[in-house]
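> My questions all concern the structure below.
Just so it is clear, none of the values below were taken in a lab; they were calculated from the coordinates. What you are looking at is a predicted structure, and each value in this text was computed from that prediction instead of being measured. Positions of Cβ are backbone-derived with ideal geometry, glycine not excepted, and every protein chain shown enters the neighbour counts.
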Amino acid sequence: MQQNKGDYMKNNKLKDNPILRKRLRIIGLILTPIGGICLLIGFLDFFSRDMPTMFWMFFLGIFILFPGTVCLQYGYMGKLARYKAGEVAPVAKDTTNYLLDGTREELAKTINATRGLSHTIKCPKCSEENSKDSVFCNHCGHKLSILCRTCGMQNDADSKFCKKCGGGIEL
Ligand SMILES: [Zn+2]
Ligand SMILES: [Zn+2]
């Protein structure tokens, strides 16, 4: 009986060990929010500053979040779900590795492109991207914004009143 139990524990180290599962739950519950916060900090930093210095937080977040979710999966799920987690985890791991190694550059490019768009305005006439402070389109000369005659503030081309001084804008 004692030996049987020993063998059972040996063969099912992870599968049916309530203490280990409880630990995994605790680890998962600690790691997942920390990873999430790191991801969030990385993202917010990247999108809110011109010279992001904390983009590494994004990758750190993935590194922490991934084991955290795996721990939660193993800690909380039943027999069937555990089997599924065993199937999904290697795939998720590969995807994470792929993301980190292969597409890190692509990802940065994509995010940079998204950031770049927010710094430009599209000409409504010819669709040319112009820098946000352009008054006229550099491709077709279409008027993109109006400078307030009173205070010099740049306003959208269809503005009726200045967004800074509230003065009426004459076209
Ligand atoms: Zn244009
Ligand atoms: Zn004004």
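> Long-range amide H contacts for Phe136: which residues qualify at under 5 Å (H placed 1.01 Å from N, peptide plane, sequence gap of 5 or more or a different chain)?
Leu144
> How much length is gained on full extension from Phe136 to Leu40, taking 0.36 nm per residue of separation minus their Cα-Cα distance?
Details: separation 96, 0.36 × 96 = 34.56 nm, distance 3.71 nm.
So the chain would gain 30.8 nm between Phe136 and Leu40.
> Which far-off residues, 5 or more places away or on another chain, put their amide H under 5 Å from the one on Gln154, with H placed in the peptide plane?
So Gln154 has HN proximity to Cys148.
> Two decimals is fine: what is log10 I(q)/I(0) at q = 0.26, 0.31, 0.32 Å⁻¹ for segment 121-171, from a Debye sum with one equal scatterer on every Cα and no solvent?
Debye curve over Cα of segment 121-171, log10 I(q)/I(0) at q = 0.26, 0.31, 0.32 Å⁻¹: -0.90, -1.10, -1.14.
> Between Lys160 and Tyr76, with labels modelled 7 Å along Cα→Cβ, what's the label distance in nm to one decimal, could you check?
My value for the distance between the label points is 5.2 nm.
> With r as the distance between the Cβ atoms of Phe63 and Ile19 and R0 = 25 Å, compute the FRET efficiency 1/(1 + (r/R0)^6) and round to 0.05. Before the final figure, lay out each step's value.
On the way: r = 26 Å, r/R0 = 1.04.
Given R0 = 25 Å and the Cβ-Cβ separation, E is 0.45.
> On to the next question. What is the gain in length, in nm to one decimal, between Cys151 and His119 on full extension, counting 0.36 nm per residue of separation less the C-alpha to C-alpha distance?
Working: separation 32, 0.36 × 32 = 11.52 nm, distance 2.29 nm.
This chain segment gains 9.2 nm when fully extended.
> Please work out the FRET efficiency for the pair Cys126 and Asp50, using the Cβ-Cβ distance as r and a Förster radius of 25 Å; give the result to the nearest 0.05.
On the way: r = 28 Å, r/R0 = 1.11.
The calculated FRET efficiency here is 0.35.
> Here's another thing I want to ask about it. Which ³J(HN,Hα) values, rounded to whole Hz and listed in residue order, are derived for segment 64-73 from phi using the Karplus coefficients 6.51, -1.76 and 1.60 in 6.51 cos²θ - 1.76 cosθ + 1.60 with θ = phi - 60°, glycine and proline given as x?
7, 5, 4, x, x, 5, 5, 4, 4, 4
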